[in-house]
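Scroll down for the structure; my scribbles are underneath it.
The values are calculated or read from the model by the stated rules, or taken from the named source; none is laboratory data. All of these numbers come straight from a predicted model, not from anything done at the bench. Neighbour counts run over all protein chains shown; Cβ positions are idealised from the backbone, glycine included. The area values use the complete protein model at the heavy-atom level, side chains included, leaving out ligands, DNA and RNA. Shrake-Rupley method; radii C 1.70, N 1.55, O 1.52, S 1.80 Å.
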Amino acid sequence: MRRWLSLGVRVVVIAAIVAGMTWSVVDQWPQVRSTWLGLAWQSVVLSVLAALLGMVANTMAWRAAVDDLEHRVSVAAALRICLVGQLGKYIPGSVWAYVLQIELGKRAGLPRARAFLASLVTVGLGVTAALGLGLLSLPALSGAAGGADSTYADSVRVALWIVAILFPIALICAIPRVLTALVQIALRLLRRPPLEHRLTWPGVLRVIGWSALGYSLFGVHLWLLANAQAAPGVEGLLRSVGSFAIAMTVGMFAFLSPSGLGVREAVLVAALAPFLLDSGGVGAAMGIALASRLIFTIADVLAAGLAALSGLRQLRGSGPEVARVGADGSVAG
């Protein structure tokens, strides 16, 4: 009964989100349609490429986390685990992507506990990087949240509250000593052997650096779409990077919504609308946000397909894809 009740709640929530987005699109349809028709194919192609490169950067962040957790994963295996596994985010519940990554990691030779912890560490440090980049768009989003007549003011206020609460916590948890203690507690709860050494500053900074690069590329993806309608310039680029980082972070907390559907768009529309006043305002911003969602879906499928093809190399017996790193730095395959 509980399972059916939970499923019913999810269906209702998703239906409400889709209905709200549909109404917004219908209400602003002339501007949305004009925006879509005005997107140059060059901007769309470059936007897809930027999204793909951002996904690769996030994969490298996950691989860096695995490395600091005493295992080494080949680049091909990491791409397959992360890029194929991330398709699970389209299932409501926000946990299925991690479940798939854990199972794919196990098939590649990575213990489930380490794959799970690598995903948690990557998400945690990724949030730290995203919120740091999000500071670039705080003035714009604060202005949107203060507008009583703004369609997305309430959603933006919630996003800003999440940023204000999470950022100090994320900074503290990013300290290697604190992060190591949290990982050791998780291993104890999972009844797995503890780490042989602490997580390191170089390892943590590598994860944050790759994550920051990934979110920056996602922001470039958004800026390229906006640039097809207006000329937001450097300020628009910084705002695109910051707002997209915040939007994706806040979307993680929309547990019942597949891939943060609706939440992400609200933040993006609020950030982009001021640049697009002469091109349709909110309607144009909604069109770009929806185009971004569609492009990300295409990029997800392309990335997963390309990563899956790399599995042919493993079938040819090219060698182990996961190796154990000892406390002295030695590697055992």
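Structure data summary
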| item | result |
| --- | --- |
| Prolate/oblate/rounded label for the stretch 125-191 (Cα gyration tensor, a/c 1.5) | prolate |
| Solvent exposure, largest accessible area first (probe 1.4 Å, DNA, RNA and ligands not counted), of Arg264, Arg107 | Arg107, Arg264 |
| Rounded to whole Hz, the Karplus (6.51, -1.76, 1.60) HN-Hα couplings of the stretch 238-253, x for glycine and proline | 5, 5, 5, 4, x, 5, 5, 4, 5, 4, 5, 5, 5, x, 4, 8 |
| Accessible-area value, Asp67, 1.4 Å probe, nucleic acids and ligands omitted, Å² | 50 Å² |
| Inter-probe distance in nm under a simple model that places probes 7 Å from Cα toward Cβ, at Ile298 and Arg157 | 3.7 nm |
| For the stretch 123-133, 3J(HN,Hα) per residue [Karplus equation, 6.51 cos²θ - 1.76 cosθ + 1.60, θ = phi - 60°, Hz, x = Gly/Pro] | 5, x, 6, x, 4, 4, 5, 5, 5, x, 5 |
